[in-house]
Structure formats: C-alpha cells, structure tokens
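J.: Structure below; questions to follow.
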Amino acid sequence: MPSRRQFIASIGTAAAAGFSGCSFDSGDGDAANAAGDETDWPTAGHDRQHTRYVPAGSGPRTGVTERWRVDAGMVSAEPVVSGDTVFATVGSDVRAFDVESGQERWSLDPGNRGATYWAAPAVYDGTAYIAGDDLVRAVDVASGEVQWSREYDQLTAAPTVGYEGSGLFVAAGELIARLDRETGETEWQRRVFGQVRQPVAVNPPFVIAATEGGDVYALGTSEGDGYWRTALPDSVDCTPTMVGRTIYVGCFDGKVYALGQRGQRRWSTAIGGFAKGGIGVANGTVYADGGRELHAVAADSGEKQWRVGVGTIGDHPPVIVGDTVYVGGDRLRALEAGGGIGVGRFRVEAARFTADLGGDVGPLSFANGALYAHVSDDSHDGHSFVRLDAE
C-alpha cells in the first residue's frame, strides 16, 4: 500500500489531468433509478449516490395512517427497505421486520452483547451488508445467517454497494476499502487524512468520501487511485451526494458546498447548519437540513429558493418521492417540492399535510407507497418504529 506522501502525490497528478467537459448535469433521476428497484430504499440515502430521491414512487399526499408501530429501541440510522423486509438500526442491534405485519424476523445481536451499530445496512441481491461492532458482515436477508465477516480496528460508516453490485465500499476510520461482495476479500484499500464517518458515494469512475478533517476525496472505483482532494473550511460529517459529476456536501461552517468533477468549488450557500443527516437532490433542487429548517436551493447555482421550519434540533434528512418532500422534526411534514405558493423565499401552503406521530420524528425512508419512521415517544420505552400508509 502506498505511503501517505505517495498517496497525496498521486492525487495531485490525477487532479492535474482531470476530465474534460465540465458542465452542470442534473442527472438526479438516473442516479436514483440506479438503485435497482427504484421504489425500494435499499441503502443509506436510497442509492449509491445518496440522492434520497425516489422518482418513480407515489407517496402519501393528503395524510397518513399507521399500519403498525413496534418498540425498536433508540434509532442510530435511517431505515432500509428491500422487498418484504425493513431494517432498523438501533444502536445495540440491527433488527429485520416484515414490512406487512411489523413482526420481527431476526436480530443481528439477540444476545444483547453490548455491541454498537451506527450505520444503515446496504442490501443487494438478497444479502444485507452491515457495519458495526468493528466488523463488516454479509447477512442473508431471509434467514439472518452471517455469510462472511471482516474485522477492522474501527468501523465508522455504512457500506455502499458499487454499480450493478461491482464491489462493496467501506470506510473504517481513515481507511477506505473495496471488498469482494461474495467473499469479503479486500480488492484494494487506501488511507486518507481524517475519520470518514459517513458512507461513500459511488458513481464510476469515482468513489467520493468526506472526512472529519474537512477534506473531500475522489478515488477511482477500480483501483482506488487518487483523482483529487479538496479542503473545505471546517469538519465534514455529512454523507456526500453525487449527481452527474457534481458533489454536494454540508460543512460545519454552516454551508452546503457544490464541487465539480475536478473538486473545484462551484458554489456555497449558508443554511445555518451542516446537513449532517444527508442531502437530497431532485429535479434541479438541493434539499438540505439546517438543523431547525429544511432548505431548498438551486442545484446549478446555490441560489436559495425556500425554507420550512421543522420544530426541533436534530438530523432531519429529506426524502423526496415524485414531487413531494417528506421531512421529520416535531411532526411529519409532506411538502410540495416547489415550496408552495409565493415568490423567492416567501412561500405559503408549502405543506401538503402534517401529521402528529406522538413524538419527534427522526430519519425517514420510503418504499412501495409507505413511509417508515423512527419516533421518540412516551409509549414504547421512549422509542418506536412506525410504518405509515396513505390515508
């Protein structure tokens, strides 16, 4: 493996070479559909580029009704849905539930050994890839049986499955690695500067990683070679979202940044927060969580379009389904993607509906007409997991 000095040198060389044709490419529908079954939510951020967008989906538009509610424990990642199984990551465990009944099928740590899980699974072709307890595991979705596991000194991010299943990309501390999905064997690994806390985005030829040191890296999917490295003004604890050749990321200086295919800054826009939970991109608009507000800005220019308060401080990453944006907070909100009626940032009637779920609403996901949400409430030991159907 090359030294850090050699690695930085390779990044500089590749950045100088670059790519031709630096133009804005919306491409968000293509990126979202690349998840495979576009109406599932099989990985963190919906797809390997983390667009948080389901273009072919049809979600609740006038209100929701609870299909089921179960005690799940304290949420530590967004729900993941694949086929007839929904996964809840709850700090000390990863639990698989039946999407129709809410009945638990299996648990990764039924003995409650005190392990720690902070990352959403990535599901592909009947296998759930789960990071936690300093291990990456391949788990059969139907049975919960572990097919293989690989140990690291530390593991800090959810795995990402590559294009059409080509490799499994993981981040363990300052290490980024590509594993063989079938065996768990390492195909390549590279060390970067700073902890990688959030999953990488994958869009060949790039693997995009953001670090707590404030750097955004572009590595090659095939060999892990360095293309470029861009330093932002502060720490980054936001999952990078990649659409076309543009990367969107939130920074602890309170701004969202758009980076071009050579790592150059295209624009930055202050949102008063750092979009820690993730950024959604759909139909030429970037949706970013500022902590207390959801912000919508133009994807090509960063111009502010509108914002809506969510009532609580926390991680409220957006979920975009067709022309509706769903976001948590002190309640569930379903917003018009265009922000409602008005001019500039002054809008009215932005919400299609709001729903009181009996507590603060955490990370959401969507699949096949239903929303899945973690709720902090008083009825299920403080935390419940809910399926919501259209009323």
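J.: Output the residue which, of all residues in region 238-275 that are out of contact with any strand residue (DSSP E or B) (no Cβ under 7 Å at 6 or more places or on another chain) and buried (at least 21 other Cβ atoms within 10 Å of the Cβ), is nearest to VAL202 (Cα to Cα).
T.: Selected residue: THR239.
J.: Shifting gears a bit: Exactly one of these conditions fails for THR51: (1) touching a strand residue (DSSP E or B) at 6+ places or on another chain (Cβ under 6 Å); (2) open to solvent by 10 Å² or more (accessible area, probe 1.4 Å); (3) closer than 29 Å to ARG197 by Cα. Give me its number.
T.: Looking at each condition in turn, THR51 falls short on (2).
J.: Moving to a separate point now. Working only within region 174-211, note down all residues that are at pLDDT 95 or above, in contact with a helix residue (DSSP H, G or I) (Cβ under 9 Å, 6 or more places away or on another chain) and in a loop (DSSP other than H, G, I, E, B).
T.: Selection gives ARG181, VAL192.
J.: Here is a further query. Examine region 175-185 for a residue that is closer than 28 Å to THR285 by Cβ and not aromatic (Phe, Trp, Tyr), and state whether such a residue exists.
T.: No, region 175-185 contains no residue that is closer than 28 Å to THR285 by Cβ and not aromatic (Phe, Trp, Tyr).
J.: A follow-up question, please. Among ARG137, ARG191, which is farther than 21 Å from SER222 by Cα and basic (Lys, Arg)?
T.: Exactly one of ARG137, ARG191 is farther than 21 Å from SER222 by Cα and basic (Lys, Arg), namely ARG137.
J.: Which residue, of ASP40, ASP71, is out of contact with any helix residue (DSSP H, G or I) (no Cβ under 8 Å at 6 or more places or on another chain), closer than 22 Å to PRO199 by Cα and modelled with pLDDT under 95?
T.: Checking each option against the conditions leaves just ASP40.
J.: When region 296-310 is examined, which residues are found to be touching a Phe, Trp or Tyr at 6+ places or on another chain (Cβ under 9 Å), touching a residue at least 40 places away in the same chain (Cβ under 8 Å) and open to solvent by 60 Å² or more (accessible area, probe 1.4 Å)?
T.: The answer is ASP300, and nothing else.
J.: Do you know which of the residues in region 153-178 that are over 15 Å from VAL200 (Cβ atoms) and either among the aromatic types (Phe, Trp, Tyr) or open to solvent by 40 Å² or more (accessible area, probe 1.4 Å) (or both) is nearest to the chain's Cα centre (by Cα)?
T.: Within region 153-178, the match that is nearest to the chain's Cα centre (by Cα) is GLU164.
J.: Select from region 58-83 the residues that are farther than 21 Å from GLU164 by Cα, part of a loop (DSSP other than H, G, I, E, B) and open to solvent by 10 Å² or more (accessible area, probe 1.4 Å) and list them in ascending order.
T.: Those that are farther than 21 Å from GLU164 by Cα, part of a loop (DSSP other than H, G, I, E, B) and open to solvent by 10 Å² or more (accessible area, probe 1.4 Å): SER58, GLY59, ARG61, THR62, GLY73, MET74, VAL75, SER76, ALA77, GLU78.
J.: So which of LEU294, LEU335 ends up being farther than 28 Å from ASN203 by Cα and in contact with a Leu (Cβ under 8 Å, 6 or more places away or on another chain)?
T.: So the residue among LEU294, LEU335 that is farther than 28 Å from ASN203 by Cα and in contact with a Leu (Cβ under 8 Å, 6 or more places away or on another chain) is LEU335.
Residues are listed down the side, and each one gets a yes or a no for (1) at pLDDT 95 or above; (2) part of a loop (DSSP other than H, G, I, E, B); (3) farther than 22 Å from MET242 by Cβ:
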residue: VAL297; (1), (2), (3): yes, no, no
residue: TRP306; (1), (2), (3): no, no, yes
residue: THR312; (1), (2), (3): no, yes, yes
residue: HIS316; (1), (2), (3): no, yes, no
residue: VAL325; (1), (2), (3): yes, no, no
residue: ALA334; (1), (2), (3): yes, no, yes
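J.: Out of the residues in region 179-200 meeting the condition of being under 17 Å from LEU135 (Cβ atoms) and in contact with a Lys or Arg (Cβ under 7 Å, 6 or more places away or on another chain), tell me which one is surrounded by the most Cβ atoms within 10 Å (Cβ to Cβ).
T.: Going through the qualifying residues, I end up with LEU179.
The values are calculated or read from the model by the stated rules, or taken from the named source; none is laboratory data. Please read all numbers here as calculations on a predicted model, not as lab measurements. Cβ atoms come from the backbone with ideal geometry, glycine included; neighbour counts cover every protein chain shown. SASA here: full protein model, heavy atoms, side chains in, ligands and nucleic acids out. Shrake-Rupley method; radii C 1.70, N 1.55, O 1.52, S 1.80 Å.
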